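All remarks here apply to the structure that follows.
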Amino acid sequence: METRAEFVDRKECIACRGSELRTLSEGSLGADPVRSILLGEAWGENPVPFVEHGSWRYVECAACQQRFHARILAPEWMDRLYGEWESQEAMEAFLADRATPAWKQAHAEVAVGHVLRLLKMTQTLRGGEALRLLDFGCGWAEFVAQAVAFGADARGVDFAPDRQAYAKVPIYGALDEWDAAQDGGQRLHAATVFQVLEHLVDPRAVLEQLAERMMPGAILIAEVPDTSGVRDIQTREDFFAIAPLGHINGFTPASLRSIADRAGFATVTPAATWVTTQWTKVAKVIGRRALAPLLRPTTNQYFVRRA
Ligand SMILES: [Zn+2]
């Protein structure tokens, strides 16, 4: 394997495919603050020696204002990022500081809330069938396992080798592997992409591929980091929002809606569910729903696949 990573330039907008891109910021991967932040992160194999000769360039599309990193790792190096660099060991070290029992409980409650809403919102569409759900970029398949526990026919796809090796339930390494395992070609009632679109070289193509596999009226949940206001990497917060190796696409509530719309999805208000017996939490859900038209949209959105 070469010791210097190769990079490629994305020359078209990831959302509208326009080619007029304005540079918002750029820099060297070997210069601070990027270099020190990279050195301080949890990695399997540390990427700094491989990438420090490289540079990054964050751009905005002149036509649709979608923001993204134009310069990204070449495909074989992207594989190395999600293989050797972001290894199981690295992910465990990353989670060790964060995953307290309270965090895990909150995380599980959020997941159960999504499953209950999907069951409710696809009830008519399913006509008594189990919820056919695909979680794309499923990681360790915790959400898939959660959905299965609620009776769903849920599957996961993740191309990271260690995520496949350590997943809670067996998962597929790519969408075409999932395709090959389907007999009857029944389409999905729901698909989910949690913290995935920001990592993809061509997020619109992936959304389109999911749309093709979903029934009209099926539900998509998409969750990405909100990078509103971030146009340069000067602080740690900026770095984590638009990390030049992994977080290569920067979304806002508006650009998330826009790319989903281009792939065939309309926004939809999620159904109300309660994963709690605490009346204060129930009151909060009711209140938030009543205020929904006044609240700012987020980068955690529900969509419906258009007919
Ligand atoms: Zn564009």
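The values are calculated or read from the model by the stated rules, or taken from the named source; none is laboratory data. In this text, all values refer to a predicted model and were calculated from it rather than measured experimentally. So basically every Cβ, Gly included, is an ideal-geometry build from the backbone, and we count neighbours across all protein chains shown. When the accessible area is computed, the model is the full protein with side chains, heavy atoms only, and any ligands, DNA or RNA have been set aside. Shrake-Rupley method; radii C 1.70, N 1.55, O 1.52, S 1.80 Å.
Can you tell me how many residues within the stretch 18-54 are within 16 Å of the ligand (Cβ to nearest atom) and not hydrophobic (A, V, I, L, M, F, W, C)?
Adding up the residues that qualify gives 5.
Can you report the number of residues in the stretch 30-54 which are not hydrophobic (A, V, I, L, M, F, W, C) and not in a loop (DSSP other than H, G, I, E, B)?
4
Filter the stretch 182-209 down to the residues that are open to solvent by 50 Å² or more (accessible area, probe 1.4 Å) and in contact (Cβ under 8 Å) with a residue 12 or more places away in the chain and list them by number. Reasoning before the result, please.
Going through the stretch 182-209, the residues open to solvent by 50 Å² or more (accessible area, probe 1.4 Å) turn out to be 182-187, 195, 201-202, 208-209.
Listed by number, the residues that qualify are 186, 187, 195, 201, 202, 208, 209.
In contact with a strand residue (DSSP E or B) (Cβ under 9 Å, 6 or more places away or on another chain) and within 16 Å of the ligand (Cβ to nearest atom): does that describe residue 15?
Values: in contact with a strand residue (DSSP E or B) (Cβ under 9 Å, 6 or more places away or on another chain): yes; within 16 Å of the ligand (Cβ to nearest atom): yes.
Spelling it out, residue 15 is indeed in contact with a strand residue (DSSP E or B) (Cβ under 9 Å, 6 or more places away or on another chain) and within 16 Å of the ligand (Cβ to nearest atom).
Looking at 119, 95, which one is within 30 Å of residue 192 (Cβ to Cβ) and either more than 19 Å from the chain's Cα centre (by Cα) or modelled with pLDDT of 95 or more (or both)?
119
Scan the stretch 1-23 residue by residue and report those that are surrounded by fewer than 16 Cβ atoms within 10 Å (Cβ to Cβ) and of a type outside the set (Lys, Arg).
Scanning the stretch 1-23 gives 1, 2, 3, 6, 8, 9, 12, 18, 19, 20, 23.
Taking the conditions exactly as written (buried (at least 20 other Cβ atoms within 10 Å of the Cβ) and aromatic (Phe, Trp, Tyr)), does residue 240 satisfy them or not?
On the way: buried (at least 20 other Cβ atoms within 10 Å of the Cβ): no; aromatic (Phe, Trp, Tyr): yes.
Here the answer is no, as residue 240 does not meet what is asked.
Would you check which residues across the stretch 253-273 are among the hydroxyl-bearing types (Ser, Thr, Tyr) and open to solvent by 40 Å² or more (accessible area, probe 1.4 Å) and list them?
Within the stretch 253-273, the subset among the hydroxyl-bearing types (Ser, Thr, Tyr) is 255, 258, 267, 269, 273.
Those that are among the hydroxyl-bearing types (Ser, Thr, Tyr) and open to solvent by 40 Å² or more (accessible area, probe 1.4 Å): 267, 269.
Restricted to the stretch 27-53, and to residues that are over 25 Å from the mean Cα position of the chain (by Cα) and within 15 Å of residue 85 (Cβ to Cβ), which residue is least open to solvent (accessible area, probe 1.4 Å)?
The extreme case among them is 50.
Tell me which of these residue 133 doesn't satisfy, since it passes every other one: (1) part of a strand (DSSP E or B); (2) more than 20 Å from the chain's Cα centre (by Cα); (3) of a type outside the set (D, E, K, R).
Failed condition: (2).
Restricting the search to the stretch 149-181, which residues are crowded, with 20+ Cβ neighbours inside 10 Å, β-branched (Val, Ile, Thr) and out of contact with any Asp or Glu (no Cβ under 7 Å at 6 or more places or on another chain)?
Answer for the stretch 149-181, where residues must be crowded, with 20+ Cβ neighbours inside 10 Å, β-branched (Val, Ile, Thr) and out of contact with any Asp or Glu (no Cβ under 7 Å at 6 or more places or on another chain): just 157.
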